[in-house]
Amino acid sequence: MKCWGHNDFGQLGTGSYTHSNTPQNVNLGSGKTATTIGLGLWHTCAGLNDGSLKCWGINTNDQLGTGSSANWIPNPSTVNLGIGRTVVSVSLGQTHSCANLDDGSLKCWGNSNYGQLGIANSQASTPQLVNLGTGRTAVSVHAGSSYTCAILDDGTLKCWGR
C-alpha cells in the first residue's frame with residue numbers, strides 16, 4: 001500500500017509526520033496487503049488479506065479504535081474486532097470509524113457526539129457492536145462526516161447520526 005499528501009497527524013502511515021508529494025510505502029506487516037481501505041479526515045484504516053484491520057493517524061476522538069490514548073499514531077496499529085471476527089469493509093467519517101465484519105455484524109468507534117456510532121451519544125475507544133435490528137446484518141456501510149448508513153441484508157437502508 002502506498003500513501004502520499006499532507007501528513008500532519010501521521011495519516012500516511014509511514015511512521016513520520018513528513019508530507020510527501022510522491023507515493024510512500026506503508027508497512028502493513030510481512031506478507032500483508034490491503035483488501036479494503038477507509039479514509040477519514042485525518043485518519044486511515046486498511047483491512048488486510050488476513051482479515052485483520054489496522055488504523056493510523058489522528059486519534060483525538062478515539063477514531064483509530066485501538067484503545068490507545070495517544071493523540072497521533074503514525075504507524076499502522078491493529079484494531080481488535082473480537083474473537084474470530086474479520087473485516088469485510090471499512091468506512092471512516094470525520095471523527096469516527098465503522099467496520100462491516102465477516103458475520104454481517106457492524107462495529108463502530110470514535111466520536112458519537114451526534115449519535116454517528118449508533119450506540120449512544122458518547123465516545124468509544126474500541127469497536128462497539130451496532131444493533132441493526134432483530135436478525136438483521138449489514139451488507140455494506142458508509143460513514144459520512146457525522147452520520148453512518150448501512151445497507152442491510154433485506155435491502156433496506158438504515159442511517160443514524162446528524
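The values are calculated or read from the model by the stated rules, or taken from the named source; none is laboratory data. Computed from a prediction, not measured in an experiment: that's the story for all the values here. FYI the Cβ positions are ideal-geometry reconstructions off the backbone, even for glycines, and counts take in every protein chain you see.
Does Trp56 meet the test of being surrounded by fewer than 20 Cβ atoms within 10 Å (Cβ to Cβ) and aromatic (Phe, Trp, Tyr)?
no
Take the residues in region 67-123 that are surrounded by 14 or more Cβ atoms within 10 Å (Cβ to Cβ) and charged (D, E, K, R), then tell me which one is nearest to Trp56 (Cα to Cα).
My answer is Lys107.
Those residues that are surrounded by fewer than 17 Cβ atoms within 10 Å (Cβ to Cβ), among the small types (Gly, Ala, Ser) and closer than 15 Å to Val90 by Cα, I need them from region 140-162; list them, please.
Ser140, Gly144, Ser145
Please return the ranges of strands (runs of 3 or more DSSP E) entirely within region 63-149 where 3 or more residues are touching a Pro at 6+ places or on another chain (Cβ under 8 Å) and modelled with pLDDT of 95 or more.
106-111
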